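The values are calculated or read from the model by the stated rules, or taken from the named source; none is laboratory data. Note that the coordinates shown come from a computational prediction; the quantities given were computed from them, not determined experimentally. No Cβ is skipped: glycine too gets one built from the backbone with ideal geometry, and neighbour counts run over all protein chains shown. Remember, those area values only see protein heavy atoms, side chains included, never the ligands or the DNA or RNA. Shrake-Rupley method; radii C 1.70, N 1.55, O 1.52, S 1.80 Å.
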Amino acid sequence: LAHEFGHFLCHRDLDIKFECSSNQINKFSDDPNGDVEAEANDFASQLLIPNNFARQTADSQPFCYDTVSELSVRTGSSIVAAALACIRISSRRIGFAVITDGFIRWGRASDAAYASGLYFKSSTPVPNNSSFTFEGGNENFSAPDALSIEGWIPDRSVIETGFYSAKYQQSYVFLDAG
């Protein structure tokens, strides 16, 4: 609902119809004029999650599936909104990516992580030793055990956790480089 409210407030002057399915909410484009889905996701994240909750979570606890899931439950937001709130406000090197069939669909990195070399280019493969290199499946699974993975940030290993959603046929990956 917060995502749709974001469309109403931010995009009502556009001549397009907004009826977002769950798949459309996770659709991001390379449109140079901006991506209305990304803006609606950011709006929802900022509306639902108070900065002090996001800051406390992002800066005092490991950025991982379990921590972000707890913030999501605490605020009644989606896991994506909770992850984006943490990334927006954190001073630590953290990132979040959505992966389909072993390729990055989209992702976000905190300012500190981006300065260290963490960025996400759509349609690029995930690092070879990532837990999320597989191509789909019909069962949900989570990888809550932190694994130290090289390849996300040059010359630095990161802690990788996440989960796979069979419903959306994509993985959600949380990266923490401290």
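When the chain is fully extended, how far beyond the present Cα-Cα distance does residue 156 get from residue 73, taking 0.36 nm per residue of separation?
Taking 0.36 nm per residue and subtracting the Cα distance, the gain is 26.7 nm.
Using 0.36 nm times the number of residues separating residue 148 and residue 111, minus their current alpha carbon distance, what extension gain do you get?
11.2 nm
Once you order the gyration tensor axes a ≥ b ≥ c over the Cα atoms, which shape class does the range 74-117 get: rounded for a/c under 1.5, otherwise prolate or oblate by comparing a/b with b/c?
In terms of gyration-tensor shape, oblate.
When the accessible area of the range 64-108 is split by element with a 1.4 Å probe, what percent falls to carbon and sulfur?
Percent of accessible area from carbon and sulfur atoms in the range 64-108: 48.
Once the Cβ-Cβ distance between residue 103 and residue 13 is put in as r, and R0 is 35 Å, what FRET efficiency do you end up with, to the nearest 0.05?
Efficiency computed from Cβ-Cβ geometry: 0.55.
About the Cα centre of the range 47-178, how large is the charge dipole given +1 on each Lys and Arg Cβ and -1 on each Asp and Glu Cβ? Please answer in debye to the nearest 20.
Around 460 debye, computed over the range 47-178.
Which far-off residues, 5 or more places away or on another chain, put their amide H under 5 Å from the one on residue 170, with H placed in the peptide plane?
Distant-sequence amide H within range of residue 170: 165.
On full extension of the chain, what length is gained from residue 128 through residue 51, given 0.36 nm per residue of separation minus the C-alpha to C-alpha distance?
Extra length available between residue 128 and residue 51 comes to 24.2 nm.
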